[in-house]
Amino acid sequence: MVVLVTGANGQLGQALQFIAGNYPEITFVFCDSKKLDITNADSIDAIFQEVKPDFCINAAAYTAVDKAESEPEKAYLINVSGAENVAIACKAHTTTLLHVSTDFVFDGTKTTPYTEEDIPNPTGIYGQTKLEGEKAIQAILEHYYIIRTSWVYSQFGANFMKTMLRLGSESDTLSVVNDQIGTPTHAVDLAEALIKMICHTERSRSVSNYGIYNFSNEGQCSWFDFAKKIFEVNNIAIDLKPIPTSSYPTPAQRPKFSVLDKTKIRTAFGIEILDWEERLE
C-alpha cells in the first residue's frame, strides 16, 4: 500500500514522518512543496504517475490565518486551487484522498460542539478558502475523507506551544486571550488517526464511511488555559494574565467557540481519542 503525503515539511507532514516506521506495511512517499507543488497540476500529475498512490494525505495548506487577510489570492491558490488539483489527480489515478481542513470553517456562535452536519460559516479568508477547498473536492470525488481539526501543535514546526515557550523564556509576564474556546490537537494524534482511517479503508473498502469527519483531542479550553498548562508542564514561573479578544485585535476574526464533536470518527473507525491535557504532558 502506497501513501503519498503532500506538505511533508509542515507540522502534520513531520508528525506522519515521525510515526511512519510504525507501519511497515505502508510505503510512504513524502513530498514537500519543492518536490510537489499542489498549485501546479503538472507537478502533481508527474508524482502520481511515478508513485501510483493508493491513498493521498493532503497536508499542504496555507495556514497563516492573519496573513491570509492581506494575501487572499495566495490563500485561494493553495487552499482552493491546490485542493482541486489534488482531487483531480486522485480521481484520475483512483486514489483515495484524505484532506485536512479546519475548525475555522465555523463562525463560533454555537455553545455546544460542532458536528459534521453543522452549516459552515467562516468569518475570515483562511476559513473561507478552506471551505471552498472542501467543496471543490466534494464536486470532483465520490471517495474522499475531509478531516476538520483544530489548534494543532507538536514538537515540529511553528505553533502556539512553541511560541508560548519562547515568550516564557523572554518575559516574566504574558497576556493571553481567555474568551476563545476550542481544543488543542497533538499533530501526532492527528497523524495516527489518519493512518487508522487508511488501514480501516484498505481492509473494508466500504463506501459508507467516506465523507467529512472531525478530529481533535478531547476536552476544551481557552488559549489562556492552554498557555497555563504549557507553563505548568514545563515548570516555567510566569505571571500569566487573561485578557478578552477585544484587548488583542487581529486582522482575522477567530471563532469564539470551535470545539468539535468527535462521535462520528470514533464510531466509524474505532479511534480512541485522548484528552488534550494528557497529550500535552
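The values are calculated or read from the model by the stated rules, or taken from the named source; none is laboratory data. All values reported here derive from a predicted model rather than from experimental measurement. Positions of Cβ are backbone-derived with ideal geometry, glycine not excepted, and every protein chain shown enters the neighbour counts. Surface areas here come from the heavy atoms of the whole protein model, side chains and all, with no ligands, DNA or RNA. Shrake-Rupley method; radii C 1.70, N 1.55, O 1.52, S 1.80 Å.
Filtering LEU274, LEU260 for residues that are in contact (Cβ under 8 Å) with a residue 12 or more places away in the chain, hydrophobic (A, V, I, L, M, F, W, C) and surrounded by fewer than 18 Cβ atoms within 10 Å (Cβ to Cβ) leaves a single hit, LEU274. Would you say VAL65 is open to solvent by 10 Å² or more (accessible area, probe 1.4 Å) and part of a strand (DSSP E or B)? Considered against the rule, which asks whether it is open to solvent by 10 Å² or more (accessible area, probe 1.4 Å) and part of a strand (DSSP E or B), VAL65 comes out as no.
Might you let me know whether the range 175-189 holds any residue that is at pLDDT below 95, buried (at least 16 other Cβ atoms within 10 Å of the Cβ) and closer than 30 Å to PRO249 by Cα? Give the derivation first.
Restricting attention to the range 175-189, the residues satisfying the condition of being at pLDDT below 95 are none.
No: the range 175-189 contains no residue that is at pLDDT below 95, buried (at least 16 other Cβ atoms within 10 Å of the Cβ) and closer than 30 Å to PRO249 by Cα.
Determine whether the range 4-17 contains at least one residue that is closer than 17 Å to VAL100 by Cβ, β-branched (Val, Ile, Thr) and crowded, with 18+ Cβ neighbours inside 10 Å.
As a first pass, look at the range 4-17 and keep what is closer than 17 Å to VAL100 by Cβ: 4-17.
When the remaining residues are screened for being β-branched (Val, Ile, Thr), the result is 5-6.
After this cut, where a residue has to be crowded, with 18+ Cβ neighbours inside 10 Å as well, the list is 5-6.
Yes, the range 4-17 contains at least one residue that is closer than 17 Å to VAL100 by Cβ, β-branched (Val, Ile, Thr) and crowded, with 18+ Cβ neighbours inside 10 Å.
Residues in the range 200-210 that are buried (at least 17 other Cβ atoms within 10 Å of the Cβ) and either part of a helix (DSSP H, G or I) or not hydroxyl-bearing (Ser, Thr, Tyr) (or both): THR201, ASN209. Of everything listed in (1) more than 26 Å from PRO120 (Cα to Cα); (2) in a helix (DSSP H, G or I); (3) hydrophobic (A, V, I, L, M, F, W, C), the single unmet condition for ILE236 is (2).
In the list PHE106, PHE160, which residue meets the criterion of being in contact (Cβ under 8 Å) with a residue 40 or more places away in the chain and under 17 Å from ALA68 (Cα atoms)?
On the way: PHE160 fails: under 17 Å from ALA68 (Cα atoms).
Every option except PHE106 fails the conditions.
With respect to THR115, determine if the residue is polar (S, T, N, Q) and in contact with a Leu (Cβ under 9 Å, 6 or more places away or on another chain).
Working: polar (S, T, N, Q): yes; in contact with a Leu (Cβ under 9 Å, 6 or more places away or on another chain): yes.
Yes; evaluated as a whole, the condition is true for this residue.
If you filter the range 107-141 down to residues that are in contact with a Ser or Thr (Cβ under 6 Å, 6 or more places away or on another chain) and of a type outside the set (Gly, Ala, Ser), you find that the one that is nearest to ARG205 (Cα to Cα) is GLU134. The criterion of being touching a residue at least 40 places away in the same chain (Cβ under 8 Å), surrounded by fewer than 16 Cβ atoms within 10 Å (Cβ to Cβ) and among the β-branched types (Val, Ile, Thr) does not hold for ILE195. For the residues SER246, SER216, the requirement of being open to solvent by 20 Å² or more (accessible area, probe 1.4 Å) and either at pLDDT 95 or above or part of a helix (DSSP H, G or I) (or both) singles out SER246.
This table checks each residue for (1) of a type in the set (Lys, Arg); (2) surrounded by 21 or more Cβ atoms within 10 Å (Cβ to Cβ); (3) within 17 Å of the chain's Cα centre (by Cα); (4) in a strand (DSSP E or B).
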site	(1), (2), (3), (4)
GLU132	no, no, yes, no
GLN138	no, no, no, no
TYR145	no, yes, yes, yes
GLN155	no, no, yes, no
LEU165	no, no, no, no
GLY168	no, no, no, no
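Here the range 18-38 is the region considered, the condition is being touching a helix residue (DSSP H, G or I) at 6+ places or on another chain (Cβ under 9 Å) and charged (D, E, K, R), and the residue that is surrounded by the most Cβ atoms within 10 Å (Cβ to Cβ) is ASP37. Of everything listed in (1) within 25 Å of ASN121 (Cβ to Cβ); (2) within 19 Å of the chain's Cα centre (by Cα); (3) not aromatic (Phe, Trp, Tyr); (4) not in a helix (DSSP H, G or I), the single unmet condition for ILE265 is (4).
Answer yes or no: is there a residue in the range 87-95 that is in a loop (DSSP other than H, G, I, E, B), in contact (Cβ under 8 Å) with a residue 24 or more places away in the chain and over 24 Å from ASN121 (Cα atoms). Within the range 87-95, one or more residues are in a loop (DSSP other than H, G, I, E, B), in contact (Cβ under 8 Å) with a residue 24 or more places away in the chain and over 24 Å from ASN121 (Cα atoms).
Considering each residue of the range 14-22 in turn, none proves to be touching a residue at least 40 places away in the same chain (Cβ under 8 Å) and part of a loop (DSSP other than H, G, I, E, B).
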